[in-house]
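Just so it is clear, none of the values below were taken in a lab; they were calculated from the coordinates. Quantities reported herein were computed from a predicted structural model and do not represent experimental measurements. Cβ: placed from backbone, ideal geometry, glycine included. Neighbour counts: every protein chain shown.
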């Protein structure tokens, strides 16, 4: 399999669970994943948490019902080594190997600041921190040596995913 550009997304950016335990997609997620699919960009979910119950089956089913399937889902085993936990890049690297992702041309989107550090350590082209009003100073491009940006949510992320040379991020 030839490595390809992908969008790696923290699973917490895809869905939420209400007080009754019902899993629901976050606003705009299905449309954002579908747009990536049309553009030929696979979306791989990274579940950095050890949340129970595991949301994978529910989130995957919700996205498939919306005609926006994921290319894959990665979650560390309960006994995974510390290298698979944030801020370390183990899960990002494993997802790249498992799904044929070229990290040097791919982006990671997450609400967790430590995920941006993991993206930089793994060699991602860029990372977007969502759900914040501004990037913390220690997550700047100068500090991480990758393109960094902030967005409101996953649906807003492609707006800020601009390569240094300009143009569309998944065309490079």
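Some observations on this one:
- Percent of beta bridges antiparallel (DSSP, segment 12-144, rounded to nearest 5): 30
- Where the alpha-carbon atoms of segment 86-144 are placed on the principal axes, they occupy 33, 19, 16 Å, in descending order.
- Exposure proxy ranking, count of Cβ atoms within 10 Å, fewest first, for 91, 25: 25, 91
- When 41, 109, 60 are sorted by how many other C-beta atoms sit within 10 angstrom of their C-beta, beginning with the fewest, the order is 60, 41, 109.
- The fewest-to-most ranking of 38, 44 by surrounding Cβ atoms within 10 Å reads 38, 44.
- Label point distance in nm, residue 114-residue 39, each placed 7 Å from Cα along Cα→Cβ: 2.9
- Segment 111-164 and segment 1-60 have their alpha-carbon centroids 17 Å apart.
- Rounded to the nearest angstrom and listed largest first, the equivalent-ellipsoid semi-axes of segment 1-47 from its Cα gyration tensor are 25, 12, 6.
- Among 35, 117, 150, residue whose mean-square fluctuation peaks in a GNM of the chain (springs only between Cα atoms under 10 Å): 35
- Computed over the chain with a Gaussian network model linking Cα atoms closer than 10 Å, the most mobile of 55, 111, 136 is 136.
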